[in-house]
Amino acid sequence: MIDLSGKVALITGAGRGIGRSCALIMAQQGADVVVNDRPNSPDLAETVALVESFGRKAYPVTANAFTRSGCETILTESLAAAGKIDILVSNPAKSSRSPFLDFDPEEFEATLTATLSAGFHMSQLVARHMVERNEGGKIIFISSVHAQNPYKTAIAYNTAKAGLNHMAMTIAKELIEHHINVNVIEPGWIETPGEYEFSSYEVVQEQGRLLPWGRLGQPADIGHAVAFLASDAADYITATILRVDGGFLHKDL
């Protein structure tokens, strides 16, 4: 039921983690993929090689998705390489952790810019392209269970993801007339390289075994959900927030 043949997907933050998994699974389902990561990314070449190993085209675009000018570059280079964009997976994010009373104001602003504003810029630019083509499209935002639960020491990330959800629902309402599906995925605790920036491997693995599903989520869990929402099987789904967390949000109930 999930067949993305003939489609071109643009994925920001595709160098590693969730973004890379989305690229690989969508390639497995037949899509060609524009994979974006920051300039001088040490990870992007491997993502390209993995996508191509499935017999699909991979178009690497290195630009800073946290800025309007970077998003404009991504769009321009994507269209020059692939000719069109049928699917956008908006996956920019920045996370910092510190108690509220000590949180650096500049870091707060930077997190909102990278996690919320960046999603606005990229989705607006791609949506304009989709509207001009008049063939519909799919926009999928990667949010977080942080949008639902105000975890301590993550005030900027919590705020950015909650805002992202509301922004996405507004975009969805405005794009319905153009038959552009706009949806959100809320990952739970996913085992990505970034998790080990805040805790040791042993602590992360131990806590993962205590989750309701008995394990940490994997990037592929998110990739499969993205591929579904990007497919014709999800044609009648828009303005929806899909939580993919193995019960994480309710682990204390």
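The values are calculated or read from the model by the stated rules, or taken from the named source; none is laboratory data. The structure displayed is predicted, hence computed values, not measured ones. Virtual Cβ from ideal backbone geometry, glycine too; neighbours counted across all protein chains shown.
Worth a mention:
- Of note, Thr47 satisfies the criterion of being assigned to a helix (DSSP H, G or I), free of Cβ contacts under 8 Å to residues at least 40 places away in the same chain and surrounded by 22 or more Cβ atoms within 10 Å (Cβ to Cβ).
- In the range 87-107, the count of residues that are of a type outside the set (Gly, Ala, Ser), without any contact (Cβ under 8 Å) to a residue 60 or more places away in the chain and crowded, with 22+ Cβ neighbours inside 10 Å is zero.
- Residue list for the range 159-214, restricted to those being under 20 Å from Val89 (Cβ atoms), touching a residue at least 24 places away in the same chain (Cβ under 8 Å) and among the hydroxyl-bearing types (Ser, Thr, Tyr): Thr192
- Note on the range 92-111: among residues that are within 15 Å of the chain's Cα centre (by Cα) and within 19 Å of Tyr151 (Cα to Cα), the one that is modelled with the lowest pLDDT is Ala93.
- Residue in the range 117-136 that is within 23 Å of Val34 (Cβ to Cβ) and of a type in the set (Val, Ile, Thr) present: yes
- Considering residues of the range 12-44 that are closer than 19 Å to Ser69 by Cβ, more than 11 Å from the chain's Cα centre (by Cα) and of a type outside the set (D, E, K, R) only, the residue surrounded by the fewest Cβ atoms within 10 Å (Cβ to Cβ): Asn40
- Some residue of the range 5-21 being over 22 Å from Gln218 (Cα atoms) and touching a strand residue (DSSP E or B) at 6+ places or on another chain (Cβ under 8 Å): yes
- Going through (1) in contact with a strand residue (DSSP E or B) (Cβ under 9 Å, 6 or more places away or on another chain); (2) at positive phi one by one, Asn134 falls short only on (1).
- Candidates in the range 215-236 are the residues that are over 20 Å from Ser5 (Cβ atoms) and in contact (Cβ under 8 Å) with a residue 24 or more places away in the chain; of these, the one that is nearest to the chain's Cα centre (by Cα) is Ile222.
- Pairs, first farther than 13 Å from Val8 by Cα in the range 64-83, second surrounded by fewer than 22 Cβ atoms within 10 Å (Cβ to Cβ) and of a type in the set (Val, Ile, Thr), C-beta under 7 Å, six or more apart: Phe66/Thr113
- So Lys94, is it assigned to a loop (DSSP other than H, G, I, E, B) and touching a helix residue (DSSP H, G or I) at 6+ places or on another chain (Cβ under 7 Å): yes
- The range 104-128, residues that are aromatic (Phe, Trp, Tyr) and closer than 15 Å to Thr67 by Cα: Phe120
- In the set (1) more than 20 Å from Thr192 (Cβ to Cβ); (2) among the charged types (D, E, K, R); (3) assigned to a helix (DSSP H, G or I), the condition left unmet by Arg20 is number (1).
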